[in-house]
Amino acid sequence: MNRTLVIGDIHGGFRALEQVLERAEVTPNDKLIFLGDYVDGWSESFQVIQTLIDLSEQQECIFIKGNHDVWCEDWLARGEGPGVWLSNGGKSTVDSYENYSPEDQELHLEFFQRMKSYYVDDQNRLFIHAGYSSMHGPEKEVYSSNYRWDRTLWETAVAMDKKLEKHSMLYPKRLLLYKEIFIGHTPTLYIGSKIPTNKANIWNMDTGAAFTGALSIMDIDTNEFWQSDSLPSLYPHEKGRNGDMLNK
């Protein structure tokens, strides 16, 4: 059976990516939707991007652009990145490209440039890295950076009264626009969860792979999910982004 699988923030954790693809028994018949932040954190950002490019040649893949991906794209295009990026996982990404050719880097830049800001499937399910602030949906967003930085969508869902009915005037209008919304960006670890977490009609797939958590992949039709080992256990001699968790 053909599945649609959604994958959370990877942050340079190539070993975790390999694990979840294997544990979910992914085949070329599966459609893969990646929610962004492929780089910055663990030491194998180059390998992650190359694997994603290779996967896209074998099967249907949707790649959403995260805030870290924008930083990396700018660096690949200009050869320099802001200090805030370098101190938030960017240095590990720069180091991972050290032994690869300008041609490789150009191919990766083109890959970043092709990424989507968001995606809506034929069942009105939205896939976006962070969120949006417009009550009319992401297509009406005034500031496109919100696609990659907005936390208010998730914070709204987390804070909502579980008894609130959709027909209530108090129900957040932004959440009524879609059947389901799949996001990353804000680790579920912040609310004490280590697994893909559902609040209202939002699924948060960022299970803290950049930090002490695991990488997660989920079948969006059945909600069955698979996880890698914790990233610190896969990279025992590295810190990842532990220490800068507030600057996700």
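Every number here is computed from the coordinates shown, using simple stated rules; none is lab data. All figures in this text were calculated on a predicted structure; none of them were measured in a lab. No Cβ is skipped: glycine too gets one built from the backbone with ideal geometry, and neighbour counts run over all protein chains shown.
Here are a few things to note about the model shown:
- Taken along the Cα-to-beta-carbon direction at a fixed 7 Å, the label points for residue 31 and residue 78 span 3.6 nm.
- Size of electric dipole in the chain: Cβ of Lys, Arg +1 and of Asp, Glu -1, about Cα centre, debye, nearest 20: 1240 debye
- Highest-fluctuation residue, 148, 15, 23 considered, GNM on the chain with Cα pairs under 10 Å: 23
- Under a model in which nothing but the beta-carbon of Lys, Arg (+1) and Asp, Glu (-1) is charged, region 107-231 shows a dipole of about 400 debye around its Cα centre.
- Note on region 170-248: lysine pairs with Cα distance below 23 Å, sequence gap of 8 or more or different chains, count 6.
- In region 1-139, the ratio of gyration radius to Kirkwood radius, Rg to Rh, stands at 0.97 when only Cα atoms are counted.
- Stretching residue 91 away from residue 155 to a fully extended chain increases their span by 20.1 nm, per 0.36 nm per residue minus the current alpha-carbon distance.
- Euclidean distance of C-alpha centroids, region 18-85 and region 210-239, integer Å: 15 Å
- Farthest toward positive dipole pole in region 108-154 [+1 Lys/Arg, -1 Asp/Glu at C-beta], among 138, 152, 109: 152
- Translational diffusion coefficient of region 57-186 (Stokes-Einstein, Kirkwood radius from Cα pairs, 37 °C, 0.692 mPa s): 197 µm²/s.
- Approximate shape of region 184-248 as ellipsoid semi-axes (Cα gyration tensor, √5λ), whole Å, largest first: 22, 14, 7
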